[in-house]
Each structure stands twice: as C-alpha cells, then as structure tokens.
C-alpha cells in the first residue's frame with residue numbers, strides 16, 4: 001500500500017513539474033518587484049499632483065506611464081499648451097523621474 005501511494009505521488013509530481021516551468025512571470029519589462037513598486041509609486045505621485053490641479057480641468061484626462069528606468073510617458077488630451085506644459089513640469093519635478101516623453105494632444109474646449 002505504501003509503495004502504491006509513493007508511486008502515485010511520484011507520478012503526480014512528475015506530471016506537475018512542466019506546469020511549474022511555464023508559470024514564470026511574462027512581464028519581461030520589469031526586472032523585479034522592487035522595480036514595479038518604484039514604477040507605480042512614480043506614476044501615482046504624478047497622477048495625484050495632476051488631480052490636485054483642479055483649476056486646470058483637463059489634466060485629469062492625461063494618462064501617465066512609467067517604465068523601470070524612471071522614464072515617464074504622458075499621453076491623452078489637454079485644453080491648451082499651457083496645461084500640457086504644466087503636466088510635463090509636474091512630471092519632471094517628481095522624485096525618481098529621469099526623463100519625460102510628452103505625447104499630449106491639445107484639444108480646444110468649447
């Protein structure tokens with residue numbers, strides 16, 4: 001009975017081994033959990049600062065993405081070049097940001 005149980009456990013273990021090999025993280029852009037936390041912290045800080053500028057209403061329409069190297073991409077829309085420039089300035093002044101790519105489109109608000 002013990003041999004049959006041991007054999008069954010061995011066979012099940014061998015069948016599960018390939019599954020474990022395929023469960024690796026597919027997000028190759030991130031080098032580890034610390035990088036992910038850093039990226040999300042930078043993104044959150046920028047989004048919070050943009051949201052605080054309620055007098056510049058369109059800043060809430062700006063999307064923020066940060067990669068593992070501290071590079072920030074701003075996209076979305078703003079009502080004026082001044083608002084877009086302010087968003088870039090906010091991102092540049094955020095701790096941990098290395099550079100900012102501005103892909104914000106200006107859409108006049110009527």
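All of the numbers you see were taken from the coordinates with simple rules; none came from a lab. For clarity, every value in this text was computed on a predicted model and none was experimentally measured. Note: ideal-geometry Cβ built from the backbone for every residue, glycine included; neighbour counts use all protein chains shown.
Quick notes
- Residue separation of residue 77 and residue 99 scaled by 0.36 nm, minus their Cα-Cα distance, works out to 5.9 nm of gained length.
- Bridge type composition, the stretch 31-110 - antiparallel percent by DSSP, nearest 5: 40
- Each residue, residue 85 and residue 51, gets one label point 7 Å from its Cα in the Cβ direction; the gap between the two is 2.7 nm.
- Judged by the gyration tensor of its Cα atoms, with axes a ≥ b ≥ c, the stretch 31-110 is prolate; a/c meets the 1.5 cut and a/b is the larger of a/b and b/c.
- Value of relative contact order over the stretch 31-110, rounded to a whole percent, pairs C-alpha under 8 Å and six or more apart: 30
- Förster radius 41 Å - calculated FRET efficiency between residue 69 and residue 3, Cβ distance, rounded to 0.05: 0.15
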